[in-house]
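The values are calculated or read from the model by the stated rules, or taken from the named source; none is laboratory data. Bear in mind that the values here come from a model prediction, so they are computed numbers and not experimental data. Cβ coordinates were reconstructed from backbone atoms using ideal geometry, including for glycine residues, and neighbour counts include every protein chain displayed.
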Amino acid sequence: MRVEADNGAASFSTKDGTYKLYSSICTTTLFASRKGLVPVLKSVSIGKGTVTTLNFSMQPLGTISGFIRDSHNGCGIKGAIVALKEDPAVSCISSSDGRYMLQDIEPGSHTVNVSHPCYLSGAQADLVVSGDNILEQDVLLEAAGIGTVHGAVHNIFTGKPIEAVEVSTGYGALSTTDTEGFYTLDLPLCRTDITIEAPGYLSCTRKNINPAVDASLELNAALIPWPFHIFMSQEPDTCRD
């Protein structure tokens, strides 16, 4: 722990938590701080030839964690900006599965603000944070409108449908094909790339997909089995209809 006086004197505590600070004769304010703990200010009068004892009780800072999810389908949203309203410097970006974590939050009631280019802004208020544990809180974001992409995925050589193909967007929306190779994916009003991939096949990506609101866009794909890529002299079109 760092202990610093407003006259410039400073010291650090040892392993047992004790510290010594040498200062001129005065009344000063001591500032105690350490990463992960709430900073503390205390006033003290320092006399000539005396040793003044001043103890600090440090309270741990808190953490808010959870998932940013699509309110329509529950999918985690990638790339959402999550920030503490009371201190915007405490912020992060949600991961590929929508996970976020805000750390070093002073105990008390807080609001989490969330924004993403594909969704309406959202917030979660009255989150009571303590330093004793991690507060888990999911935040749901709504889309201004929703369109649908659907289609079928099959083997380019045999024409047979491929089951359990993962169809995903750049911001987290996800679907998988059924036993007949069909999938359906609900999307917000947002232009995105859609990636279609399955074990044993070359993946493919369709660029700038943006279905109209309340409309359905058909997007089929024929995947090439993975071993065949070694014979290609150039990158093939691995996402043929």
Check: Considering the range 125-134 alone, what residues qualify as being surrounded by 11 or more Cβ atoms within 10 Å (Cβ to Cβ) and either within 20 Å of Met58 (Cα to Cα) or of a type in the set (S, T, N, Q) (or both)?
Finding: Val129, Ser130, Gly131, Ile134
Check: What are the residues in the range 37-47 that are in a loop (DSSP other than H, G, I, E, B) and modelled with pLDDT of 85 or more, if any?
Finding: Val38, Pro39
Notebook entry, point to check: Which one of Thr28, Thr50, Thr14 is assigned to a strand (DSSP E or B) and of a type in the set (Val, Ile, Thr)?
Noted result: Thr28
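Output yes when any residue across the range 58-71 is within 29 Å of Met101 (Cβ to Cβ), modelled with pLDDT under 90 and out of contact with any His (no Cβ under 7 Å at 6 or more places or on another chain), and no when none is. Can you show your working first?
Here is the first cut: in the range 58-71, the ones within 29 Å of Met101 (Cβ to Cβ) are 58-71.
This time we only want the ones that are modelled with pLDDT under 90, so: 58-59.
Going one step further and asking which of them are out of contact with any His (no Cβ under 7 Å at 6 or more places or on another chain), we end up with 58-59.
Yes, there is a match, as at least one residue in the range 58-71 is within 29 Å of Met101 (Cβ to Cβ), modelled with pLDDT under 90 and out of contact with any His (no Cβ under 7 Å at 6 or more places or on another chain).
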Item checked: Among (1) closer than 30 Å to Asn7 by Cβ; (2) crowded, with 19+ Cβ neighbours inside 10 Å; (3) among the small types (Gly, Ala, Ser) - the single one Gly49 does not satisfy -> (2)
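If a residue must be touching a Pro at 6+ places or on another chain (Cβ under 6 Å) and either in contact (Cβ under 8 Å) with a residue 40 or more places away in the chain or within 22 Å of His72 (Cβ to Cβ) (or both), how many such residues does the range 160-186 contain?
Residues flagged as touching a Pro at 6+ places or on another chain (Cβ under 6 Å) and either in contact (Cβ under 8 Å) with a residue 40 or more places away in the chain or within 22 Å of His72 (Cβ to Cβ) (or both) within the range 160-186 amount to 0.
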Next item on the list: Report yes if some residue within the range 84-91 is within 26 Å of Ser168 (Cβ to Cβ) and assigned by TED's automatic domain parsing to the domain that holds Asp132; otherwise report no.
Entry: yes
Next item on the list: Give the residue, chosen from Asp193, Asp214, Asp186, that is charged (D, E, K, R), touching a Gly at 6+ places or on another chain (Cβ under 6 Å) and farther than 16 Å from Trp226 by Cβ.
Entry: Asp193
Check: Just for the range 137-173: of the residues that are over 16 Å from the mean Cα position of the chain (by Cα), of a type in the set (Gly, Ala, Ser) and surrounded by 15 or more Cβ atoms within 10 Å (Cβ to Cβ), which one is farthest from Pro227 (Cα to Cα)?
Finding: Ala143
